[in-house]
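Chemist: The structure's right below; bear with me while I get my questions together.
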Number of protein chains: 2
Amino acid sequence: MKVIHYDEVELEPVDAEGAKGAQIRWLIAQKDGAPTFAMRMFEIEPGGHTPFHQHEWEHEVYCLSGNGALITERGEMAFSADDAIFVEPNLTHTFKNVGKETLKFLCLIPHEKPVIKKALNPFADEEANNC
Amino acid sequence: MKVIHYDEVELEPVDAEGAKGAQIRWLIAQKDGAPTFAMRMFEIEPGGHTPFHQHEWEHEVYCLSGNGALITERGEMAFSADDAIFVEPNLTHTFKNVGKETLKFLCLIPHEKPVIKKALNPFADEEANNC
């Protein structure tokens, strides 16, 4: 069990090639005992962005503050506070700060490459695990 | 790909036994193509709570607003906006609104019972998947 304010977690630079003005906090990770997925917070400065890249894992994102653009091979979509974003595996994408304040968002990823799971009832998980 | 404001997602009652004044929105779920885990938002009215229960899956939580208490078999911890919370599998727990406004938090869960994964390097995921 862990309860922590985000600003107690170290803010580290994102040093991946193609990133600019992007920092990350690993709020909940494998080192905390999280068995399946990790919760990170990104802080992107105005004009900054994550790499324009693709990978085999998905992103589940929740924007906390600021104004961003999700730019993918399919086009560009604006987002801001209280928007949820799903980026499926293998879609080329970048998150860019298009505003004047720091863009903050949660971005969760699985620990390993996901296996596409088939459910007999696609809503079964919602019924079974609703709290 | 999906970009959606949380209030565009249906707010449904949590009808699990032991829940009181609790509602849920499934922001990102299996029906969206999410392969591994689901993002839900809970809205708990003052005095309300989720069931005091345990299960084999973990919770990764981020509090958006309000004042809550995480009550577990090990004791009680206060939380509020911008706190991240990890509840490991099989820990008996409830989230309770102890404030005067609606308590809102994200709560993410895996679609299936998690398998405890062993990594040779417990930080490997952070190095490999940092954006």
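Chemist: Suppose we filter segment B:31-48 for residues that are open to solvent by 20 Å² or more (accessible area, probe 1.4 Å) and within 10 Å of chain A (Cβ to nearest Cβ); how many remain?
Modeler: 3
Chemist: While we're on this one: Can you name the strands (runs of 3 or more DSSP E) wholly within segment B:1-98 that have at least 3 residues being touching a residue at least 40 places away in the same chain (Cβ under 8 Å)?
Modeler: Hits in segment B:1-98: B:37-49, B:59-65, B:93-97.
Chemist: Kindly indicate which of A:Phe79, A:Phe86, A:Phe37 is among the aromatic types (Phe, Trp, Tyr) and more than 18 Å from B:Phe37 (Cβ to Cβ).
Modeler: The match here is A:Phe79.
Chemist: Can you find even one residue in segment B:75-87 that is open to solvent by less than 30 Å² (accessible area, probe 1.4 Å), within 29 Å of A:Glu112 (Cα to Cα) and in contact with a Cys (Cβ under 6 Å, 6 or more places away or on another chain)?
Modeler: yes
Chemist: Given the conditions (1) under 27 Å from A:Pro110 (Cα atoms); (2) surrounded by fewer than 19 Cβ atoms within 10 Å (Cβ to Cβ), and given that B:Leu106 satisfies all but one, which numbered condition is not satisfied?
Modeler: (2)
Chemist: Going by what's in this entry, would B:Ile28 be described as within 22 Å of A:Met39 (Cβ to Cβ), crowded, with 20+ Cβ neighbours inside 10 Å, facing chain A (nearest Cβ under 8 Å) and of a type in the set (A, V, I, L, M, F, W, C)?
Modeler: Criteria met by B:Ile28.
Chemist: Those residues that are in contact with a Gly (Cβ under 8 Å, 6 or more places away or on another chain) and either under 14 Å from A:Phe42 (Cβ atoms) or more than 9 Å from every other protein chain (Cβ to nearest Cβ) (or both), I need them from segment A:54-80; list them, please.
Modeler: A:Gly66, A:Asn67, A:Gly68, A:Phe79 - these are the residues of segment A:54-80 that are in contact with a Gly (Cβ under 8 Å, 6 or more places away or on another chain) and either under 14 Å from A:Phe42 (Cβ atoms) or more than 9 Å from every other protein chain (Cβ to nearest Cβ) (or both).
The values are calculated or read from the model by the stated rules, or taken from the named source; none is laboratory data. What you see is a predicted model; the values in this text were computed from it and never measured. Cβ: placed from backbone, ideal geometry, glycine included. Neighbour counts: every protein chain shown. We work out accessible area using only protein heavy atoms, side chains counted, and drop any ligands, DNA or RNA first. Shrake-Rupley method; radii C 1.70, N 1.55, O 1.52, S 1.80 Å.
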